[in-house]
Amino acid sequence: MIEMEEEKIYYVQLRKEYAQDFLDIVKSIATKDKILDPQNKVIHQGDFILFPLNNFEKTKKLILDSIPDRFNINFVKQLRVVNLHFKFRSIEDALQGKISQKYEDLIPKSYDIIGEIAIIEFDDRVYKENLTNIKKQIAKAIIHVNKNVKTVYEKTSKIKGIHRVRDLKLLEGKNQTLTLHKENSCLFKVDIKKTFFTPRLINERKRISELKFKKGEIIVDLFSGVGPFSIQIAKRREALIYAFDVNKTAIVLLKKNIQLNQLKGTIIPYNLDVKKLKRSHKEISQTLKNNSDRIIMNLPEKAVDFLDIAIFLLKNEGGIIHIYSFSDKPSPPKRAFLTIEQKLNELGWTVQEKIFARSVKSYSPETDLVVLDLLIKQNKLEIGLN
């Protein structure tokens, strides 16, 4: 059903036999969408066709200078007919004519979408010049471009605290922070204000979940959050995964996410600071001590500081660690490896094999997020001393 809005816009009117020639000329002088407005429907009226114009004052002269007189075109103003199937291709398209060209460089090149929520970060200039209206327009454009997005927040702080969360401010849409996110055929309940979650590791989590695991392998996810690594591994593999996080809300959501997904493996969640594992006499410490095959260490800011926990958990004959770390350029993977290798040597362990190493993504102009998959083992001398 065609929806009519009580708003009149300008159309260019010409006979139908000239329609295709008109479109060919329009395409040759400028991108079609900049002259014609795709948000509104083309109207057919008897022998005539009416094309909706984008920014009439600018396009009128361009059309008059380019279209032959024989087309006998007219400009008419009448009620717009909304194109209900129209979808903007980009934020830039959605913002065309809505913000001044001098502010176009403030449009974010990328943003995160988690479930129905988009999270954006602005250049400092937005705050220095108090461009609140520009932020609102950009937020509305994100909702227009992404049909599943209902809410837009802006980042107002860096990631902070042991829970690795940041301050967020609502820009547009529903005031909601809990959402349902789908990734690699798995579902995750995420609270963007109370838990850490980044959709930018989607390919990395897929890579880890598709590795070859031994049946019944014991895995420890040291900083599990709501379970993006643990869930995706257990979805595909018959592994036993112990998932730890210091954030109580993250563990509550992890338990819900376990129920949301049909898993082949088993996940046992714990709300615990993993530093306490080494000095605790709790049953879980004794169960996992020197009994784990694989450790996931996704805490880039401080993962190296938890290598002592990883080797406390790994079997005496060694095992695999997947460690994520921020590392300076140039050659971030090489720098990260040398740092980790040195720390392991100090702890009496050594790298038996560097299975995989790469920069996952750029974190800043100076730093990359790096992942290393390492097969590590205890030095023979240390084994003898133990």
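Given R₀ = 45 Å, FRET efficiency for K282-Y127 by Cβ-Cβ distance, to 0.05? The value I calculate is 0.45.
As an exercise, use a Förster radius of 45 Å and the Cβ-Cβ distance of K98 and D305 to find the FRET efficiency, rounded to the nearest 0.05. Each step should come with its number before you reach the end.
Details: r = 48 Å, r/R0 = 1.06.
It comes out at approximately 0.40.
Each part reduced to its alpha carbon centroid, segment 236-264 and segment 26-89 end up 54 Å apart. A Gaussian network model of the chain, with springs between Cα atoms under 10 Å, assigns the largest mean-square fluctuation among H144, H322, H44 to H44. The label point for F356 and the one for Q176, both projected 7 Å from the Cα toward the Cβ, are 3.4 nm apart. Only helices enter this figure: runs of n ≥ 4 DSSP H residues, each worth -39500 (n - 2.57), summed and divided by the residues of the chain, yield -8500 deg cm²/dmol at 222 nm to the nearest 500. When the listed pairs K135/K158; K189/K212; K77/K98; K160/K182; K135/K174; K182/K361 are checked against a 23 Å cut-off, the alpha-carbon distance exceeds it for K189/K212; K160/K182. Kindly express, to the nearest 10 degrees and within the range 0 to 90, the angle between helix 332-346's C-alpha long axis and the longest C-alpha principal axis of the chain. Tilt of helix 332-346: around 20 degrees.
Relative to the longest principal axis of the Cα atoms of the chain, helix 19-29 runs at roughly 60 degrees. A simple spin-label model places pseudo-atoms 7 Å from Cα toward Cβ; at L84 and K8 they are separated by 2.6 nm.
Springs join every pair of Cα atoms under 10 Å in this Gaussian network model of the chain, and among G216, G318, G227 the largest mean-square fluctuation is at G216.
If you restrict to DSSP beta bridges whose two residues both lie in segment 192-385, what percentage is antiparallel, to the nearest 5? DSSP beta bridges in segment 192-385 are roughly 50 percent antiparallel.
Using a ≥ b ≥ c from the Cα gyration tensor of the chain (square roots of the eigenvalues), is it rounded, prolate or oblate, where a/c under 1.5 gives rounded and otherwise the larger of a/b and b/c decides, a/b for prolate? Prolate shape, in that a/c is at least 1.5 and a/b is the bigger ratio. Which FRET efficiency value, to the nearest 0.05, do you get for N72 and K27 by plugging their Cβ-Cβ distance into 1/(1 + (r/R0)^6) with R0 = 25 Å? Approximately 0.75, to the nearest 0.05. Compared with the dominant principal axis of the Cα atoms in the chain, helix 132-145 is inclined by about 90°.
Every number here is computed from the coordinates shown, using simple stated rules; none is lab data. Everything numeric in this text was worked out from a predicted model, so none of it was measured. Note that we place each Cβ from the backbone using ideal geometry, even for glycine, and neighbour counts take in every protein chain shown.
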